1. Relative to the longest principal axis of the C-alpha atoms of the chain, give the angle of the C-alpha long axis of helix 317-332, reported between 0 and 90° and rounded to the nearest 10°.
2. In cubic angstrom, how much convex hull volume per residue do the alpha carbon atoms of the stretch 154-220 span?
3. Are any of the pairs Lys383/Lys413; Lys52/Lys533; Lys148/Lys383; Lys117/Lys367; Lys52/Lys159 more than 24 Å apart by Cα-Cα distance, and if so, which?
4. Can you work out the Karplus-derived ³J(HN,Hα) for every residue in the stretch 86-95? Use 6.51 cos²θ - 1.76 cosθ + 1.60 with θ = phi - 60°, whole Hz, and x for glycine or proline.
5. Could you work out the percent of alpha carbon pairs in the chain separated by over 41 Å, rounded to a whole number?
6. I'm checking a number: the convex hull volume of the Cα atoms of the stretch 53-167, normalised per residue, in Å³. What is it?
7. Sort out the exposed loop trypsin sites (Lys or Arg not before Pro) in the chain (DSSP loop, at most 16 other Cβ within 10 Å) and tell me the longest stretch that has none.
8. Just check the stretch 244-374 against the gyration tensor rule for me: Cα atoms, a ≥ b ≥ c as the square roots of the eigenvalues, rounded for a/c under 1.5, and otherwise prolate or oblate depending on whether a/b exceeds b/c.
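The values are calculated or read from the model by the stated rules, or taken from the named source; none is laboratory data. The shown structure was predicted, so the numbers you read here are calculated from the model rather than taken from an experiment. All Cβ positions, even for glycine, are placed from backbone atoms using ideal geometry, and neighbour counts span all protein chains on display. Just the protein is used for accessible areas: all its heavy atoms, side chains included, with ligands, DNA and RNA removed. Shrake-Rupley method; radii C 1.70, N 1.55, O 1.52, S 1.80 Å.
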Amino acid sequence: MSQLQMSEFKTSALRITATVITTAAFSPLFIAERTLSATFTLEEATIDDINKAFDSGALTAESLTQLYLNRIETYDDTLNSLVTVNPSALSIAEALDVERQTLGPRSPLHGIPVILKDNFDTFDMPTTAGSIVLEGSIPPYDAFIVQKLRDAGAIILAKANMDELAHGGSPGGGYSSLGGQTLNPYNFNRGPSGSSGGSAAAIAANLGVIGFGSDTLGSIRGPSMDNSLVGLRPTLGLTSRDGIIPFSSSFDIGGPFARTVEDLAITLSYITGVDPNDPATADSEDQFPADYTAFLEENAFEGVRIGFLGGIPTGNPDLDAGFAQAIGTIESLGATIAAPIIPPVAELIPFFGPTGVFTTVSETELKAELADYLATTDPEYPKTLAEVIAISESPEVLNSEFPVNPTVLGRWKSAEARGSLSDPEYVAAISLLAEVIAPSTEAILTENSIDALVYITSSCTATPLPGVDDSTFICSEDAIGLSALATAAGLPDVQVPAGFASDGLPYTLSFLGLPYSEPELLGFAYAFEQATKARKPPEFFAALPGEIIEHSAIPESTSIAALIGVGAVLTGSKFIKHRRPS
């Protein structure tokens, strides 16, 4: 810590401690008793529910965090969604409670437990991207999004399992050499999708309030679908990627998972911002509102045109029927449904396939950008993709309980064979992406005068795990993954629960829009959510003792001595900014 940081921190700590003592001594809040009358239920609890319970005195950040820790201890041995639980979570929550009582909450996220995909840097917890070769690696700084969450008062509760270095390869997703296999909370024979499957499964099972993932070619959108969550792949540049272990900067973006659209909108309001360490965010200046919840209206569809691509069924009769029903619902809510749109196939085909633009760009960038990240790790960790491959193919890893998936290894080797960022093949692919593919994708919306493109997020419900024979699984190998459209052009894509197929697995509807149209897309998702109420929690994670709080009791007054003692927690390092210098 620099001398300037230490000076700022001491001043802040003295101010907070003085406020604790003064407020404890003189504020009626700590000597008066209030009669409470309300009920709090943890299952599917929203940020608003939690804040009302905080305000009433029925709940504290510490007690809320303990409830989630209880659920993690009880249920995650089966689900296997998390790789690290924050050992300081309760002490951080305790300090945030004192701050709430003395200074008031920082934001609606004050005291809210959050689960991060384990490729988000955290200065106080390991960040591994699911790879055994990074086991125990603690970054020097927080990711930009993580610091924004801490600034808002959120509690980083845990880090979640993920597909290795964000590369899916195992059927069903959610497998890594570090964490093993995460299960789908709705069916333990299916996967949670990848690569952000651990975060999504944890939030679906009510192990935390908000989750975070990163998305390159569908790694937020697939897990949203398979775990019945609201998800967002933001506009490229709306949120900073700094401090997220990279796959491909041309396509990577970080975003949230939630159980409701409102919770996602609240969260998004506190994680945007221009970051000098991520040049892509420069374009977002003045493009993000202070409060995304202001756009959540049940009549959001009135007067808008919604489009969908024609001639592309999913191949799953349940999903095709669900999509038809969703279109009917949207129309009944006031939208004009445009005639089926024929996509510009000739312009988009170059994006796909083993020799396509996505593969060329992402593999070349992985090789270069992963090395840049690895340079920030301690000396004992590998510094190049080649070294990662060598360790992953070592007998110790290959013969371990969780060897690296062979498909993932194959992709890494393909990336290692690529040239540099000045290679003509890469330069040509970047040019084709910027000059042809991205404009052609945006033209689907602009030339058809539609406010959003809607589609079923994936052509398949959650995929069976390796070795599982499940005759109820229906998936067409010929179906086109429309989620690639957002990746190709850096467009925002919001998912919202839409129903359940006959196999009992959930599916979501996606709304795709033009750059920085998140306010409108969230409005559409909210109107659809309120009209359908399609999400329901998985049945395998019943309420534990203490999760339903009836408050007719009078809370005990808090003593000055207790507050001063807890106030000392505020002098801990968790309240210092740990961000990479610009």
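1. 70
2. Enclosed volume per residue, from the Cα hull, is 82 Å³.
3. Lys148/Lys383; Lys52/Lys159, as the Cα separations exceed 24 Å there.
4. Each residue of the stretch 86-95 in turn: 5, x, 9, 4, 5, 5, 5, 4, 4, 5 Hz.
5. 21
6. Residue-normalised Cα hull volume stands at 104 Å³.
7. It runs 35-382.
8. Details: a/c = 2.28, a/b = 1.24, b/c = 1.84.
Since a/c reaches 1.5 but b/c is at least a/b, the shape of the stretch 244-374 is classed as oblate.
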